[in-house]
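Right, one structure below, let's go through it.
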Amino acid sequence: MRSRPVVFLPVIVVFLSSFSPGGLLASETTPYLAMDHWAYTYIDILQARGVFPNLWRSTRPYNRAELLTAVDEALAGGGKLTGVEREWLRLLKKELGILIEQTEDRIGFRLEGRVSTDRARDENGEGETDADYFAGLELCTTFPHVALLARTVIDQDLLEDPFYQGRKDIDWAANIEDAYALVNASKLTFFFGRTRRNLGPAPVSLFLSNNPSPFDHLFLGLDFGWVQYSFMTARLDNMYEDELMEDEIPFQRYLSLHRFDLRPIPSLEIGLFEAVVYGGRGSGLDFSFSNPVSLYFVVENASDKEANSFLGFDAYYRAWDTLGLFGQLLIDDVKISLFGKHVFYNDEVEPNEFAYVIGGELIDPLGLNDTRLTGSYTKVTNYTYNSTNVFERYTYEGKPLGHPGGNDFDLIRLRWLFAPHPDIVFESEYARMRKGEGSISAMFPDAFSSSEIPFPSGTVETTDLVSIRARYQSGQHIFVDGRFGWEWKNNYLNIPDRTSDTPRFDITLGFEWGFSRKKPIGQG
């Protein structure tokens, strides 16, 4: 079943072309700006300051042409831009200019690299200092309204990742971060391939974040300016009920999700979303769960299909020019009762679980120019993202598809950013996290009531982190990013009375360079 979207891709391109006078419609198509690109540091700041009012906060990554349009509008708008903001916009314009001007077909490439030194904890909880390098090569070819991109990276940090699926008996670790075909026709976007996404107004979405490794998926988007619709479906990794049983037949797993975003007024964005994880041994793609406009929780509850469905909504509201508020609520399995009787589920078998984040950002507080104060509170209950069936867990290769903290935790985070000069950004942070003994990989109890589960559960690990970050970037090619902090842990690894404190530092020297050129006449 995985090969079918590849077969359909040229058919879709031809179909879209046939209904467009003179070929495909709308703006030129350029690749996505990868989620780990340095430009998001400045996009986040400018977006918080209201510089990009027409750029959706809830669907990332952004198309480079879409971003360039937003940058040009901001520079030409004559708004109340500070000198620092104008310099950031010019910096972004230089970077986004690569692969943008497409009067003819173009081809280009980008080389990136980072060397970082960090001090953190090893798997035994002891402090250690390590140096890693990251190198990536991006190749891209663009045609009018079509873009093809492949980006492969060598990331030594993956060797320390317990969830990394590649070989660890060699001296380097590689991964395909991005590899896709992207087609735009009028207001429709068609994507097939792999990349990272974050769907939601919060910096880290509870619905779909860029936490898991990139995976192949099909994505469709409709954007009418004031309303936007997104759909995604994918085959996830296989899962075994018992990894020690070599002859066990694995569970095949699939994911489908969609969200509807609405901007009723310029200062308000509202999103409604739904997702479902389903599968089984020998299971194939289920078209009732791959229907872009179906309601998955109704399909699940109105049939004998085994699945784990999620519902939720989120919003971002700019109350004033200096104040923005955001929030997101996710409900794991919707349980409906009428007159005291369970309609779909008995909540003693699988109770309602939920997650939410609320937060706000204040621009230039106390008259301090070029500053931002951000605060948020996140809570994910004990069995959110989990399920009675192991193959329905909301994970990919062991990592949560939603918040990287998993479940059974809450988190308070405060950040203060100050940019005294266009080349320099300072950021300080305080975070406190309480993590119970719950885990997405934990087995469900046979029966319980959600009201009887303490939160957080068991021996609670508490973590306090204080850090200071400084970033220097004088141009679009080279940057230096350093972070220093201290971490205090109580009941470390949920072991009673085990305490530890460790200094943390991370210094990164990075560079990116790329170019594009027109294809010679007659070249395909």
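Bear in mind these aren't lab numbers, they're just calculated from the coordinates by the rules spelled out. Every value quoted in this text rests on a predicted model; they were computed, and no experiment measured them. Neighbour counts run over all protein chains shown; Cβ positions are idealised from the backbone, glycine included.
Given a Förster distance of 60 Å, report the FRET efficiency between residue 388 and residue 517 from their Cβ-Cβ distance, rounded to the nearest 0.05. Plugging the Cβ-Cβ distance into 1/(1 + (r/R0)^6) gives 0.60.
If R0 is taken as 30 Å, the Cβ-Cβ distance between residue 169 and residue 472 corresponds to a FRET efficiency of 0.20.
What the phi angles of segment 212-218 give under the Karplus curve with 6.51, -1.76 and 1.60, with θ = phi - 60°, is a coupling list of x, 4, x, 9, 6, 7, 10 Hz, glycine and proline written as x. Rounded to the nearest whole Hz, the Karplus-based 3J(HN,Hα) values (6.51 cos²θ - 1.76 cosθ + 1.60, θ = phi - 60°) of segment 418-429 follow the sequence 9, 10, x, 8, x, 8, 10, 10, 10, 9, 10, 9, with x at glycine and proline.
As a rough footprinting exposure proxy, the listed residues 46, 208 were ranked by other beta carbons within 10 Å of their own, and the order from fewest upward is 46, 208.
Close Lys pairs in segment 370-524 (alpha-carbon distance under 21 Å; sequence gap of 8 or more, or different chains): 5.
Spacing of the modelled spin labels on residue 319 and residue 295, each 7 Å from Cα toward Cβ, amounts to 3.3 nm.
Spin-label model, residue 186/residue 159: points 7 Å from Cα along the beta carbon direction are separated by 5.3 nm. For the pair residue 86 and residue 486 in one chain, pulling the backbone fully straight at 0.36 nm per residue adds 140.6 nm over the alpha carbon distance. Applying a DSSP loop filter and a limit of 16 other Cβ atoms within 10 Å to the GluC sites (Glu not before Pro) in segment 381-463 leaves 397, 437.
Distances between placed amide hydrogens fall under 5 Å for residue 504 paired with 485, 486, 487, all partners being 5 or more residues away or on another chain. Projecting label points 7 angstrom from Cα along Cα→Cβ for residue 423 and residue 265 puts them 4.3 nm apart. May I ask which of 93/187; 80/187; 187/305 have a Cα-Cα span longer than 26 Å here? Where the Cα-Cα span goes over 26 Å, the pairs concerned are 80/187; 187/305.
Taking GluC sites (Glu not before Pro) across segment 177-256, the ones in a DSSP loop with at most 16 further Cβ atoms lying within 10 angstrom of their Cβ are 241, 243, 246, 248.
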